[in-house]
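The structure appears below as structure tokens.
Values in this text are rule-based calculations from the coordinates and carry no lab data. Computed from a predicted model, the values in this text were never measured in an experiment. Virtual Cβ from ideal backbone geometry, glycine too; neighbours counted across all protein chains shown.
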Amino acid sequence: MNSDTQFDLWEVFIQSKSGQPYVHAGSIHATDMKMAMQNARDSYTRRGEGTSIWVVPSKYIVASNPDDNEMLFDPSADKIYRHPTFYIMPEGAKNI
Amino acid sequence: MTTKEASFIYALRMGDNALILGHRLSELCSKAPFIEEDLALTNISLDLIGRAQALLSYAAELEGKEKTADELAYRRPEIDYYNHLITEQPNGDFAHTIIRQLYISAFELLFFKELEKSKDKTFSALAAKAIKEVSYHFEHAKNWTIRLGDGTDESKRRMQVALNDLWMYTGELFEMDDVENWLLSEGIAADLVPLKPKWAQMIGDILDEATLEVPEDTYMQTGSRKGVHTESLGHILSEMQYLQRAYPDATW
């Protein structure tokens with residue numbers, strides 16, 4: 001039995017200005033796309049935080065399982081050569 | 001009547017519309033059906049109170065009696081308020097709140113687009129700002145009307161009751177009196193007469209989509225332009241003005 005009397009859950013992503021990445025702002029409840037967009041606007045952009053909004057039904061977010069963290073994330077820990085700072089730039093290279 | 005005197009009354013009327021509807025919506029703070037809607041309604045309320053402040057400040061300036069917007073908002077008796085009767089109607093159930101918003105925001109969208117052409121620079125600038133806000137108020141009310149009209153039997157019934165209950169207050173929105181005709185001839189006020197069929201079309205289209213019925217024409221209530229109000233305004237004012245009446249010039 002579903003005891004949740006709230007509407008469907010949606011995740012809200014806000015872009016602060018053009019060219020910037022969309023950042024997760026939080027979640028809202030809504031019954032449809034229009035309501036989700038309006039509720040996101042009213043809940044998360046009241047203080048001029050954004051210039052663009054994405055809303056996504058939470059059920060479509062695929063999340064990694066914390067039990068898999070060792071498998072997924074530990075192998076990258078010792079691969080420092082994947083950071084650009086590992087490399088010494090040759091003298092004379094400009095604009096990097 | 002001078003243009004300045006007429007403009008003062010005109011600013012006061014628009015300011016009172018925004019003030020009283022804004023106060024009505026503010027009553028829903030923490031009482032809306034769910035938190036996101038609580039924010040939506042109080043956001044709309046704040047838009048309106050902001051508009052009231054701008055218009056009443058301008059009214060005070062036009063009046064030239066060194067009053068402030070606050071004095072106009074909090075120190076007048078009921079018969080000196082000129083807000084449309086529909087703005088003071090109680091929130092009722094959610095259907096009544098939404099239909100009141102629908103009728104008013106559809107009207108204001110048309111109205112401010114006309115007022116933007118005003119020769120009075122302040123009215124024109126205020127109208128340009130209001131259009132952006134009202135466009136959202138209208139979308140909000142429209143979407144709820146369609147959602148609840150074309151919803152369950154219960155939501156549909158409640159929406160139809162609200163439509164019928166508030167219909168008699170919509171005729172007043174399009175009334176032109178001597179003040180407005182004078183200002184219209186001066187290129188300052190908006191002509192409301194041509195807005196009525198446009199408004200009826202907007203409402204009709206939405207109610208079609210919402211599978212609701214346009215109410216039958218009935219006797220239209222009137223009086224706000226003369227300061228004659230329904231019993232609801234007195235209740236609002238007694239709450240809104242309490243502090244200023246009990247402790248004049250109180251500051252914090």
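See the values below:
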| item | result |
| --- | --- |
| Inter-chain shielding of B:34-45 (mean C-beta neighbours from other protein chains, 10 Å cut-off) | 5 |
| Cα-centre dipole for the protein assembly as shown with unit charges at Cβ (Lys and Arg positive, Asp and Glu negative), debye to 20 | 920 |
| ³J(HN,Hα), Karplus 6.51/-1.76/1.60, whole Hz, each residue of segment A:79-90, x for Gly, Pro | 10, 5, 5, 7, 8, x, 5, 5, 9, 8, 6, x |
| Cα-centre dipole for chain B with unit charges at Cβ (Lys and Arg positive, Asp and Glu negative), debye to 20 | 440 |
| Descending Cα extents along the principal axes, segment A:8-86, whole Å | 45, 30, 16 |
| Part-to-part distance (alpha-carbon centres) for segment B:199-252 and segment B:29-89, which is given in Å | 12 |
| Cα-based reach from B:Lys67 at 23 Å (exclusive), listing lysines while leaving out same-chain residues under 8 positions away | B:Lys4, B:Lys121, B:Lys226 |
| Degrees between helix B:153-167 axis and first principal axis of chain B (Cα, 0 to 90, nearest 10) | 30 |
| Residues whose placed amide H lies under 5 Å from that of A:Ser52, excluding near-sequence neighbours | A:Gln15 |
| Using alpha-carbon coordinates, inclination of helix A:33-44 to the longest axis of chain A, degrees | 70 |
| Distribution of pairwise C-alpha distances over segment B:114-197, 10 Å bins, in % | 15, 31, 31, 17, 5, 0 |
| Pairwise centroid distance, computed over Cα atoms, of segment A:43-96 with segment B:150-171, Å | 50 |
| For the protein assembly as shown, fraction of C-alpha pairs farther apart than 39 Å, in % | 28 |
| Relative contact order of chain A, defined on C-alpha pairs under 8 angstrom at six or more residues apart (%) | 26 |
| Scaled radius of gyration (Cα, divided by 2.2 N^0.38 Å) that chain B gives | 0.99 |
| Hz values of 3J(HN,Hα) by residue in segment B:240-252 - Karplus curve (6.51, -1.76, 1.60), Gly and Pro given as x | 5, 9, 3, 4, 5, 6, 6, 10, x, 6, 4, 10, 8 |
| Helix B:195-209 axis, angle to chain B major axis (alpha carbon atoms, nearest 10°) | 30 |
